Amino acid sequence: MALAALALFLGSCVPAKQYNDLKATQEKCENERQDLTNSNRTLTAENDELKADLESLQKKHSRLKEDTTALNKDYRRLRLKQKDLDDRNQELLTRLQSAKDEGSEENKKLVKILRDTQEDLLKREDRLRELEQQMNAKERRLADLEEELKDREARVKELEDIIAEKDAAVRALKDRISQALLGFKDKGLTVEQRNGKIYVSLEAQLLFPSGSTVVNAEGKKALLDLSEVIRDEKDITILVEGHTDTDPYNGGGAIKDNWDLSVMRATAVVKIMTNEGKMDQTMLTAAGRGEYVPVAPNTTAEGKAKNRRIEVILTPNLDKLFEIINE
């Protein structure tokens with residue numbers, strides 16, 4: 001009689017339009033969850049790419065320093081050779097001046113040697129200027145690279161600091177939730193941190209009578225205790241997911257199958273957390289996953305009990321990371 005009354009109540013209170021709206025909301029929630037998962041992967045890939053770029057810049061920086069050092073050595077060596085040529089040139093001029101009275105043949109030889117020495121000196125001066133230009137260009141490139149390297153290092157550091165800050169905040173929140181819900185630890189409630197998110201999993205036996213979407217007194221207390229801890233958290237979004245086992249739903253009314261049941265249960269949890277738990281309605285999303293995301297095999301009663309659950313998934317706001325990556 002109770003099931004028949006419930007079916008009659010749901011059939012009369014939930015019209016087809018509302019049912020379709022619930023299904024649309026479910027699809028939207030799933031898309032948003034997938035977007036968040038993809039965003040998390042993209043952020044990790046972006047951070048890895050920035051680190052690879054930074055390593056590449058550091059290698060280029062080292063090579064440019066080595067090139068500049070080599071150019072400086074060449075420059076000093078040519079300076080010494082130029083000084084030697086200047087000395088030789090001066091010596092030849094002196095010899096030429098003193099040999100003017102000793103005969104024209106000797107004079108011609110000295111003039112030729114002097115001319116050859118001057119030509120060699122001019123070539124070396126040209127090479128020296130070329131080396132100076134190359135060295136100046138290398139030094140400018142090195143300065144630009146050092147500036148770019150500093151910018152990259154600062155950007156990577158900023159990303160890592162934000163990620164570390166988010167992780168620390170998530171860990172602290174997870175610890176507070178675990179402490180607040182300690183009394184339900186042996187009643188089918190678990191709190192885990194995975195992929196930068198907090199998963200609060202409540203088995204259906206803690207929340208609902210079999211086949212029902214009405215939360216019992218003990219389940220309501222657990223949800224209100226959870227709401228008390230996270231009510232003032234403004235930097236997170238919350239997804240409430242309903243899950244079932246693979247046993248076919250045998251009820252009636254507006255609930256046709258396990259997927260409908262999972263959505264209705266998620267919605268019932270959200271209403272308690274917002275209406276009685278005083279949580280901001282814009283922070284929560286209700287979604288149903290039906291039997292399609294099991295956490296245990298559906299071949300045993302224990303496995304099915306684990307699969308019949310509500311998961312409250314808390315995700316930190318990643319807007320700051322997106323802003324840095326898009327700069």
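The values are calculated or read from the model by the stated rules, or taken from the named source; none is laboratory data. Every value quoted in this text rests on a predicted model; they were computed, and no experiment measured them. Here the Cβ positions follow ideal geometry from the backbone for every residue, glycine too, while neighbour counts run over all protein chains shown.
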Residue under question is Ile238, and the condition is that it be in the same structural domain as Pro316 (by TED's automatic domain parsing) and over 29 Å from the mean Cα position of the chain (by Cα); does it hold? no
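Would you pick out the residues in segment 235-266 that are in a loop (DSSP other than H, G, I, E, B) and of a type outside the set (Val, Ile, Thr)?
Taking segment 235-266 and keeping what is in a loop (DSSP other than H, G, I, E, B), we get 235, 244-257.
Of everything in segment 235-266, those that are in a loop (DSSP other than H, G, I, E, B) and of a type outside the set (Val, Ile, Thr) turn out to be Asp235, Asp245, Asp247, Pro248, Tyr249, Asn250, Gly251, Gly252, Gly253, Ala254, Lys256, Asp257.
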Taking first residues from segment 179-195 that are in the same structural domain as Thr315 (by TED's automatic domain parsing) and second residues anywhere that are of a type in the set (Ser, Thr, Tyr) and not in a strand (DSSP E or B), the pairs with Cβ under 6 Å that are 6 or more apart or on different chains are Val191/Ser178
Of Asp186, Asp232, the only residue that is acidic (Asp, Glu), farther than 15 Å from Pro316 by Cα and not in a strand (DSSP E or B) is Asp186
(request) Assess whether Val111 counts as being outside the structural domain of Leu78 (by TED's automatic domain parsing), out of contact with any Asp or Glu (no Cβ under 9 Å at 6 or more places or on another chain) and more than 27 Å from Arg41 (Cβ to Cβ). (result) no
Gln205 fails exactly one of (1) assigned to a helix (DSSP H, G or I); (2) surrounded by fewer than 14 Cβ atoms within 10 Å (Cβ to Cβ); (3) in the same structural domain as Asn38 (by TED's automatic domain parsing), namely (2)
Condition set under 24 Å from Pro294 (Cα atoms) and of a type in the set (Lys, Arg), scope segment 226-270, selection surrounded by the most Cβ atoms within 10 Å (Cβ to Cβ): answer is Arg265
Every listed condition ((1) assigned to a helix (DSSP H, G or I); (2) surrounded by 13 or more Cβ atoms within 10 Å (Cβ to Cβ); (3) not β-branched (Val, Ile, Thr)) holds for Asp151 save (2)
Apart from one, (1) farther than 30 Å from Glu139 by Cα; (2) exposed (fewer than 14 other Cβ atoms within 10 Å of the Cβ); (3) modelled with pLDDT of 80 or more all hold for Met1; the odd one out is (3)
Flagged in segment 115-169 as without any contact (Cβ under 8 Å) to a residue 12 or more places away in the chain and within 35 Å of the chain's Cα centre (by Cα), in numbering order, are Arg140, Ala143, Asp144, Glu147, Lys150, Asp151, Ala154, Lys157, Asp161, Ala164, Glu165, Ala168
Filter segment 107-147 for residues that are over 20 Å from Leu85 (Cα atoms) and hydrophobic (A, V, I, L, M, F, W, C); the one that is modelled with the highest pLDDT is Ala137
For segment 56-71, the count of residues that are touching an Asp or Glu at 6+ places or on another chain (Cβ under 8 Å) and within 23 Å of Arg127 (Cα to Cα) equals 1
